[in-house]
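Student: To start, I am sharing the structure in question, which I have written as structure tokens.
Just so it is clear, none of the values below were taken in a lab; they were calculated from the coordinates. Note that the structure is a prediction, hence the values are computed from the model and not measured. So basically every Cβ, Gly included, is an ideal-geometry build from the backbone, and we count neighbours across all protein chains shown.
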Amino acid sequence: MTVIDDWRAGRNRVIRRAAAVRSRGEGPQLTTVVLDLGGVVVPTLFEVVDEPGFPAGPFGDDPLYAGVEQGRLQERDYWAAVARCRPDLDIGRYMRTRLGVRAEIRTLLARIGGRVRVVALTNDMAHWFGADWATSLAELDRFDLLLEAATSGVLKPDPAVFRWALQLVGEPADRCLFVDDLPSNLRGAQAVGMAVEHFRVDDPAGSVRRVLDRLGIDGSEPHSRVYHPERP
């Protein structure tokens, strides 16, 4: 089989899968995955810091963090409040030294890279990692586009962030799957018509499986790219 034949076979598989999705009434085919960074691509501090009295976040009774989940409080403000109450906890150092890309996300990137477009949408990574944050993790090279909401002047979960991101992505909202660990951010994406998937930090492997299911990718078949930018 030639390269062209292989590409055509892959394309036909994609077309058949898209037709099956449409026949089930599940909407347009997803061609772009937009991943939150903190909490999705990299773990939360709640998962990696084991210090006496460290806040529980989503893993326990943490009324302040509930404000983050509900969209009433930014994560930056949450951690600032924690630092004021617990000056012995160096939150910035934890961010810079304890966080790396989840093994489950490395698996996800390996399976979907080259098949769909992969975009990162973070709120304000520069606040913790500096202006060159995009070079802080080698795996970020596997993303097609890195977006930091703070540069738009608005932060998630404001729907304006997602409209801004969609303009830069250049894809219709209903072809983009947004993945985030915070329900409030998912609601912001839904408000502009994006498909969403909740990433559960207490079940990262299950969350990755659900993303693959949404894309119709099982990882066993040869790569077939779903996203093809328009050619002149």
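Student: If you take every residue apart from GLY67 with its C-beta less than 13 Å away from the C-beta of GLY67, what net charge results, scoring Lys and Arg +1 and Asp and Glu -1?
Tutor: That sum, taken over residues with Cβ under 13 Å, equals -2.
Student: In whole Å, what is the distance between the alpha-carbon centres of the stretch 140-188 and the stretch 69-114?
Tutor: 17 Å
Student: Could you tally the net charge around PRO58, taking each other residue with its Cβ under 10 Å from the Cβ of PRO58, Lys/Arg +1 and Asp/Glu -1?
Tutor: Result for the local shell: -4.
Student: Calculate I(q)/I(0) for the stretch 72-111 by the Debye formula, one identical point scatterer on each C-alpha and no solvent, and give its log10 at q = 0.23 Å⁻¹ to two decimals.
Tutor: Rounded to two decimals, the profile gives -0.78.
Student: Here's a follow-up. For the stretch 53-144, place one equal point scatterer on every Cα, skip the solvent, and apply the Debye formula. What is log10 of I(q)/I(0) at q = 0.16, 0.21, 0.23, 0.24 Å⁻¹?
Tutor: Once normalised to I(0) and log-transformed, intensities are -0.85, -1.17, -1.24, -1.27.
Student: Right, another one. Once the other residues with Cβ under 15 Å from the Cβ of TRP128 are scored (Lys, Arg +1; Asp, Glu -1), what is the net sum?
Tutor: Around TRP128, the surrounding residues sum to -3.
Student: If neighbour count is taken as other Cβ atoms inside 10 Å, put HIS127, HIS198 in order from fewest to most.
Tutor: Details: HIS127 16, HIS198 13.
Ordered by Cβ neighbours within 10 Å, fewest first: HIS198, HIS127.
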